[in-house]
Amino acid sequence: MKKRILLSLLVIFELFAITGCGNNKLSQEADKKANDILNDKNETKSESKILIVYFSRTGENYNVGNVEVGNTAIMASYMKEYLNADSFEIIPVNKYPDSYDECLKVATKEKNENARPAIQNKIDDISIYDTVFIGYPIWWGDIPQIVYTFMEEYDLSGKTIIPFNTHEGSGNSGTYNTIKNKLSKSNVKTNGLALQGKVARTDKGKEETINWLKELGY
Ligand SMILES: Cc1cc2nc3c(=O)[nH]c(=O)nc-3n(C[C@H](O)[C@H](O)[C@H](O)COP(=O)(O)O)c2cc1C
C-alpha cells in the first residue's frame, strides 16, 4: 500500500516535471546573503559541537527557475545563522547538470544503480560534533544517492542526527525513517523539517525553520 502511494506521488511529480519548471524571478539578494552565511568560517569551531551538513543543487530547478543557491542550502543558511554552527556542503566530484531535465536523467540512473557518487570535499574531524543536521532535497521519493555516500563515509555512531529537507510535494517521503534505519548506532530524530523548496526561499520558510529549531530546544 505504502509503495503504491509512493509510486502515485512519483508519477504525479514526474508529470509536473515533464510540463517544465516554473520561471519565478527570485531575489538574488537573498541568494547572496545565504552564500555569505554559508561561506563564513566559524571561528568557534571546536566549541560549536553542531554541524550542519547539506547537499543542494544550483541551476535550473523545479518551480523556482535558475538559482545560484539551492533551496536546501538556503534553509541551511538560516540554520547556520541561528545556531552559529559549522556547516559542510556535500560537493559532488561530478557536478549535477544545470539543466533540470538532464539532472533528472542522471539522478534516475544513480537511483536505479543504487550508486554512491563520490564527494570531492572532506570534513577534517567529525568526532568533535555531537549533533549533525543532515539536509537534502527529495529526489525520486528518496534521499539523493550522494547523501548515502556521506552517511557511509563518516562514523556517525553515538551522535544525534537531525534530518531536514526540501521537496516539491513529497514532504520527507519517509526519508527520516530511512535515515533512522540506516544509522542504527546514532540517535536519529524523526521530527525533522520538510519545507517546500519554493517556500524555503521566502521569509515564511525562514520563520518555519527557526520555529522548528526552537521547538527542538535551540
Ligand atoms: C532529480 C530530482 C528529483 C526530484 N524528485 C522529487 C520527488 O520525488 N518529490 C518531490 O517532492 N520533489 C522532487 N524534486 C524536487 C526537489 O526536491 C526540490 O526542488 C528541492 O527543493 C530541490 O532542492 P535543492 O535546490 O536544495 O537541490 C526532485 C528534483 C530533482 C532535481
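The values are calculated or read from the model by the stated rules, or taken from the named source; none is laboratory data. Everything numeric in this text was worked out from a predicted model, so none of it was measured. Heads up, the Cβs are rebuilt from the backbone with ideal geometry, glycines too, and the neighbour counts pull from every protein chain shown.
Pairs meeting the criteria (first residue in region 63-86 and in a strand (DSSP E or B), second residue among the charged types (D, E, K, R) and surrounded by 21 or more Cβ atoms within 10 Å (Cβ to Cβ), beta carbons under 9 Å, at least 6 apart or on different chains) are V67/R57; V67/R201; D86/K80.
Scanning region 49-78 for residues that are of a type in the set (A, V, I, L, M) and either within 20 Å of I119 (Cα to Cα) or within 13 Å of the ligand (Cβ to nearest atom) (or both) yields L51, I52, V53, V64, V67, V69, A73, I74, M75, A76. Checked against the criterion of being part of a helix (DSSP H, G or I), closer than 16 Å to R201 by Cα and touching a residue at least 12 places away in the same chain (Cβ under 8 Å), the candidates D36, D31 yield just one match: D31.
Consider region 91-122 and keep the residues that are within 18 Å of E152 (Cβ to Cβ) and within 11 Å of the ligand (Cβ to nearest atom). The one that is surrounded by the fewest Cβ atoms within 10 Å (Cβ to Cβ) is K111. L156 passes every criterion in (1) within 11 Å of the ligand (Cβ to nearest atom); (2) buried (at least 22 other Cβ atoms within 10 Å of the Cβ); (3) more than 17 Å from the chain's Cα centre (by Cα) apart from (1). When region 123-148 is filtered for residues that are within 17 Å of T72 (Cβ to Cβ) and either at pLDDT below 95 or more than 16 Å from the ligand (Cβ to nearest atom) (or both), only V132 remains.
Given the structure, is V188 closer than 21 Å to Y96 by Cβ, buried (at least 16 other Cβ atoms within 10 Å of the Cβ) and out of contact with any His (no Cβ under 7 Å at 6 or more places or on another chain)? So V188 does not fit the description; no. Against the definition (surrounded by fewer than 14 Cβ atoms within 10 Å (Cβ to Cβ), under 22 Å from Y154 (Cβ atoms) and of a type in the set (V, I, T)), how does I52 come out, yes or no? No: the conditions fail for I52.
Scanning region 175-189 finds no residues that are within 13 Å of the ligand (Cβ to nearest atom) and within 30 Å of E29 (Cβ to Cβ).
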